[in-house]
Amino acid sequence: MDLGSIIGWAMTLILIFGAMAVGVGIGAYIDIPSVMIVFGGTIGVMMVGFKMETLKNVGKFYGIAVKPQIVNLPETIKKIVDYSTKARRDGILALENDVNNETNEFLKKGLSMAVDGNEPDAIRSLLEIDMEQTAARHGANMKIFDQVGGFAGSMGMIGTLVGLVAMLMNMSDPSAIGPSMAVALLTTLYGSMIGNILGGPVGNILSVRDADEALEKQIILAGIIAIQSGDNPRTLESKLLAFLPPKDRKSQFE
């Protein structure tokens, strides 16, 4: 569980709704026409702009934001160097049992190809295709949340115009001005909240998760090619540690 995401969301919501409650009360910020325009409109245009099978996974993507797959790059490098040491000592076929027990699917695929005797160029080509397609899928998923922010903001603007038109049409009736102005202002508020609490931050953290996964796969790819080529484990470790910040470059041979 990513405590940063959980605490950040909780803090944001507590402060916003707390400020509302301290002011005129939360009830003053609840307006059904505004909810219909912003929430209903945003969902509607999202259904137009994306495939239903993609939208069905929105909850899953929020889950990734708060409970991401753990990426431990130093541990991944250590594991690859151990595989390299074993392959150099006993031959690459000695990794066959390790392949069956490997939990990282990308590393498992690369090791399997290396054990099967595939050429380094073939391994690189297949793994790079895997990386490109994964990046494309992740990019499409992140786009959903970018669009949530954009569409919600646009619906808020539409609601503002609806409220202003209603207000101008009823200038002779003072009792109608307040509700119309509420629609105009609250739709903007709802649109901003959706975009800046549920849309933008999630898209951004998913981008961070994607970058972490992509870096891990780059390390794995470099490691698999080095194992297949029979590189010295020390040399391999130095190569892989170069992917990390200097403070994290700790050799297991020291």
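Values quoted throughout were computed directly from the atomic coordinates according to the rules given, and no laboratory measurement underlies them. Note that this is a predicted model, so its numbers are computed, not measured. Counting neighbours? That spans all protein chains shown, and the Cβs are built from the backbone with ideal geometry, glycine included.
Annotations for the structure displayed:
- In the chain, lysine pairs with alpha-carbon atoms under 15 angstrom apart (chain gap of 8 or more, or interchain): 16
- Average silhouette area of the range 188-254, convex hull of alpha-carbon atoms, in square nanometres: 6.1
- Degrees separating the helix 120-169 axis from the principal Cα axis of the chain, which is the longest one: 10
- Kirkwood hydrodynamic radius (C-alpha pairs) into Stokes-Einstein, the chain, 25 °C and 0.890 mPa s, D in µm²/s: 112
- Remark: the range 1-83 is approximated by an ellipsoid whose semi-axes, taken from the C-alpha gyration tensor as √(5λ), come to 38, 23, 6 Å, largest first.
- Helical mean residue ellipticity (222 nm; -39500 (n - 2.57) per DSSP H run of 4+; nearest 500) of the chain: -25000 deg cm²/dmol
- Distance cut-off 14 Å, percentage of C-alpha pairs in the range 120-176 lying past it: 73
- Convex hull of the range 106-254 built on C-alpha atoms - directionally averaged projected area, nm²: 12.6
- Solvent-free Debye scattering, log10 I(q)/I(0), computed from the Cα coordinates of the range 1-141 at q = 0.09, 0.13 Å⁻¹: -0.55, -0.84
- Most mobile listed residue (Leu198, Leu244, Leu73) in the chain, GNM with C-alpha springs under 10 Å: Leu244
- For the range 172-254, applying the loop criterion from DSSP together with a ceiling of 11 other beta carbons within 10 Å to the chymotrypsin sites (Phe, Trp or Tyr not before Pro) yields Phe253.
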